[in-house]
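What follows is a single structure, written as structure tokens, with notes after it.
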Amino acid sequence: MNHLPTRTLILSPMGKMFFNILATLPEFESDLFRLRTREGMAMARSRGKLRGKKPKLSDKQQRELRWMHDTGEYAIGDLAEVFPVSRPTVHGTIARQQIATGRPVSNAP
């Protein structure tokens, strides 16, 4: 049996094709894994099992925060201190309340 040197095998057209096919297998597995994950998440979401991170403020606190912000008497930093959360949380809460109520902030800075 005659063995070709490895370098010659790799550089030949058939060798290149073989290694390219081998290289696509991990990518194919990764794509399948991603697809299955998305399908599983969609099924869980349809059953109500998939939820995101729980909000730091209750619904009542979110409404109160929005009301306090709308009065114009409280800055974002003040609201972050009153409700022990970060400034980005205050901004996010106000934005979600805008979407939920369908009305923009009355006195945006």
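Only the coordinates and a few stated rules stand behind these numbers; no lab work does. Just so you know, these numbers come straight off a predicted model, no measurement behind them. Note that we place each Cβ from the backbone using ideal geometry, even for glycine, and neighbour counts take in every protein chain shown.
Longest span of the chain, sites excluded, free of trypsin sites (Lys or Arg not before Pro) in DSSP loop with at most 12 other C-beta atoms within 10 Å?
Numbers: sites that count: Arg47, Lys49, Arg51, Lys53.
Longest stretch, sites excluded: 54-109.
Treat each spin label as a single point 7 Å out from the Cα along the C-beta direction, and report the Met68 to Ala42 distance in nm.
4.2
Quick one: angle between helix 87-101 and the longest Cα principal axis of the chain, in degrees between 0 and 90, rounded to 10, please.
80
Give the cross-link partners of Lys49 among the aspartates and glutamates, using a straight C-alpha distance below 18 Å as the criterion and excluding same-chain residues fewer than 8 apart.
Output for Lys49: Glu39.
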